[in-house]
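The values are calculated or read from the model by the stated rules, or taken from the named source; none is laboratory data. All figures in this text were calculated on a predicted structure; none of them were measured in a lab. Cβ sites come from the backbone with ideal geometry, for glycine too, and all protein chains shown count toward neighbours.
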Number of protein chains: 2
Amino acid sequence: MSPTRNAGYPEPGKTTVYDTTRSIDLDTVPLNGGVLLKVTYLSIDPYMRNKMGAPQEGKWAAPQFTLGQPLDNFGLGRVIRSDDSNFKPGDYVYGFLKFEEYVVTSSAGLEKLDNQAHIPWSAYLSAAGMPGQTAYFGYKEFVKAKKGQTIWITTGAGAVGSILIQLAKRDGLRVIGSAGSEEKVAFMKEIGADVAFNYKTTNIDDLLEKEGPIDIYWDHVGRESLDIALGHINKYGRIIIAGAISGYNFGHTYAYQNLFNIDQRSLTVTGFNVTDPELAEHWGEAFAREVPVLIARGDLKHREEKTPFELAGDALVRVLKGQNTGKSILVVSESG
Amino acid sequence: MSPTRNAGYPEPGKTTVYDTTRSIDLDTVPLNGGVLLKVTYLSIDPYMRNKMGAPQEGKWAAPQFTLGQPLDNFGLGRVIRSDDSNFKPGDYVYGFLKFEEYVVTSSAGLEKLDNQAHIPWSAYLSAAGMPGQTAYFGYKEFVKAKKGQTIWITTGAGAVGSILIQLAKRDGLRVIGSAGSEEKVAFMKEIGADVAFNYKTTNIDDLLEKEGPIDIYWDHVGRESLDIALGHINKYGRIIIAGAISGYNFGHTYAYQNLFNIDQRSLTVTGFNVTDPELAEHWGEAFAREVPVLIARGDLKHREEKTPFELAGDALVRVLKGQNTGKSILVVSESG
């Protein structure tokens, strides 16, 4: 059921390669009803590691990258040519793109951005894009915050976690944030965390004994972190699982001690993916209406770490090791 | 966090003792505002094992039985004397009672039964009582059944599981039931399970490969069973945890392989206890209105296994080993 995955981090230049051998004729390449984009920014996210495992078979197989083919992920670009009358040259679009300087793609999944709030385009890969939606959709749908309750947010300085901290503080929650460096701890405090700690130098059991118990745990980590949370969560607590970064690298088998508390303490544990259709149905419009405006006003802070396209492999390793400060974004072309 | 518990089964005559040394004067014993009951039936349930662990300390300590004192659990009795004008001699009551032939107890937690449906009194410890409520409350609140979906119900021949099978079939679900003997498999089929299997003689992975995937898993078992369910459940599946009988006896630490699917498949895992106040608020009236009538009509079948009071220790071991056929009920006095 649970295939053995290649353990460890990707190796830039070896398992992830910047390939300069391909070319494209921008004037003549056939569009087949789609569009030609000049790519501006591409997103680097931890879940991409999960598409780099051993090939899986059968009905439970997770989508995998294809060996020898470009990676893909959410990105932004400017339309250069178009076979679809809904998209005109000059339009700025968001979509799931191949990691290439110029992309020919179907227009089916593309979203045209009007950016009425006049925020930097790259924010649409960050607080105004998928990570912001992950935080906002999951927070609204599952956290069911009650003022004064305590939430522990993991990877609290990251693209999703930092938005969560701010949403939780706006609702009057007491926020405990965790991350892997002193610099990230400082950032979590700056954006409002009541308690912020470096999980690499902190005994988390002791910390939660003092600062807990918690009512809500937002998990991006899995394994030991999830198990500790299960030990320090109040009756009727809620656990939201939006990632399992420790498992992406090191496998998902783990000897949990505290799972029994799901029953014992009447907990709810919810996993979700930002692409689950119900979430966008429930919260998509509210997100598009509220979040870019909050960003423009400075009421929702976020950080970006931009990396040149040719260092994509290094950027991915940084994200998987938690070394990035702010949302990791590849700059393919600033002048899209 | 997770204390080591004494492993293994209780030993009748040694760790559970039928004590005949106590006596009571029915005419003069002071009631202190409460009532004197002649106890008729007492319930034996798996969760009682969980109150027989090593003493725990601190804020997470689960309630434990006190060494040298009577066990307690849900039971029935007839009022003999009363200091409370709401309870009269002759009233039949349900409550949380000490395991004694005669009990002096506060009337605060007692419920007077009128039994308008004229079902056997003992049913109020079974389908019309706590096990029935566990099935009904949990089913209505968390299963959110959609016709045609597949549910796997563990301990499907038990007091809770057998009611669940029948509720699920009434809603048009496809039901897979599991239990630990051929006799129980036959009973599950008799009450409507589409697929019924003996987990002791079945490769569950293979069975679910053929009969699954499942949409809903109702867990009374934990550990390997829960992990297998996590491997065979569809996207957006629901897992309801209402017990963890394998953990009661053998500890709760287990190396889960498939927990990652909570996130990967957008699952919801909910633990609950029948005593959680919201459940009775939502479903208590509907249960009292519907279930005794369904039982009286024969539309909701249940089985009871009655044991004389002096063999209480053996009855508990039978329940923990899954040897009982039907709800385990101690007969203290049929003529209450």
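Brief remarks on what is shown
- Cross-chain or 6+ apart pairs with Cβ under 9 Å, region A:196-210 first and under 19 Å from A:GLU183 (Cβ atoms) and assigned by TED's automatic domain parsing to the domain that holds A:ILE176, then buried (at least 18 other Cβ atoms within 10 Å of the Cβ) and of a type in the set (Lys, Arg): A:ALA196/A:LYS184; A:ASN198/A:LYS184
- Matching residues in region B:279-309 - criterion: being assigned to a loop (DSSP other than H, G, I, E, B) and touching a strand residue (DSSP E or B) at 6+ places or on another chain (Cβ under 9 Å): B:HIS302, B:ARG303
- Filtered residue count, region A:291-305, keeping only those that are surrounded by fewer than 20 Cβ atoms within 10 Å (Cβ to Cβ) and touching a Phe, Trp or Tyr at 6+ places or on another chain (Cβ under 8 Å): 1
- Residue check for B:ASP91: surrounded by 17 or more Cβ atoms within 10 Å (Cβ to Cβ) and either out of contact with any helix residue (DSSP H, G or I) (no Cβ under 6 Å at 6 or more places or on another chain) or assigned by TED's automatic domain parsing to the domain that holds B:ALA157 (or both): yes
- Residues being surrounded by fewer than 18 Cβ atoms within 10 Å (Cβ to Cβ) and under 29 Å from B:VAL293 (Cα atoms) - total across region B:99-112: 4
- Yes/no for B:ILE163 being assigned to a strand (DSSP E or B) and in the same structural domain as B:ARG223 (by TED's automatic domain parsing): no
- On the stretch given as region B:205-222, residues that are under 23 Å from the mean Cα position of the chain (by Cα) and facing chain A (nearest Cβ under 9 Å) total 2.
- Residues in region B:321-334 that are aliphatic (A, V, I, L, M) and surrounded by fewer than 20 Cβ atoms within 10 Å (Cβ to Cβ): B:VAL331 alone.
- If the condition is being free of Cβ contacts under 8 Å to residues at least 40 places away in the same chain and part of a loop (DSSP other than H, G, I, E, B), then region A:211-224 contributes only A:GLY222.
- Sole residue being under 19 Å from the mean Cα position of the chain (by Cα) and over 21 Å from A:LYS144 (Cα atoms), chosen from A:ILE241, A:ILE295, A:ILE228: A:ILE295
- The set of residues from region A:26-37 being touching a Leu at 6+ places or on another chain (Cβ under 9 Å) and surrounded by fewer than 19 Cβ atoms within 10 Å (Cβ to Cβ) comprises A:LEU26, A:VAL29.
- Residue match in region A:191-203 (condition: within 14 Å of chain B (Cβ to nearest Cβ) and not hydrophobic (A, V, I, L, M, F, W, C)): yes
- Evaluating A:ILE176 against the criteria (1) more than 23 Å from A:TYR47 (Cα to Cα); (2) surrounded by fewer than 24 Cβ atoms within 10 Å (Cβ to Cβ) leaves one unmet condition, (2).
- The one condition from (1) at pLDDT 90 or above; (2) loosely packed, with under 14 Cβ neighbours inside 10 Å that A:GLY58 does not meet is (1).
- Only one of B:SER85, B:SER122, B:SER106 that is out of contact with any strand residue (DSSP E or B) (no Cβ under 6 Å at 6 or more places or on another chain) and within 30 Å of B:THR15 (Cα to Cα): B:SER106
- Sole residue being outside the structural domain of B:LYS200 (by TED's automatic domain parsing), touching a helix residue (DSSP H, G or I) at 6+ places or on another chain (Cβ under 6 Å) and farther than 24 Å from A:TYR256 by Cβ, chosen from B:VAL317, B:VAL291, B:VAL331: B:VAL291
- Taking region A:268-283 as the range and being more than 27 Å from B:ILE241 (Cα to Cα), in contact (Cβ under 8 Å) with a residue 40 or more places away in the chain and not aromatic (Phe, Trp, Tyr) as the test, the residues that pass are A:ALA280, A:HIS282.
- Considering region B:233-270, the residues that are surrounded by 20 or more Cβ atoms within 10 Å (Cβ to Cβ) and more than 8 Å from chain A (Cβ to nearest Cβ) include one that is nearest to B:ASN198 (Cα to Cα), namely B:ILE245.
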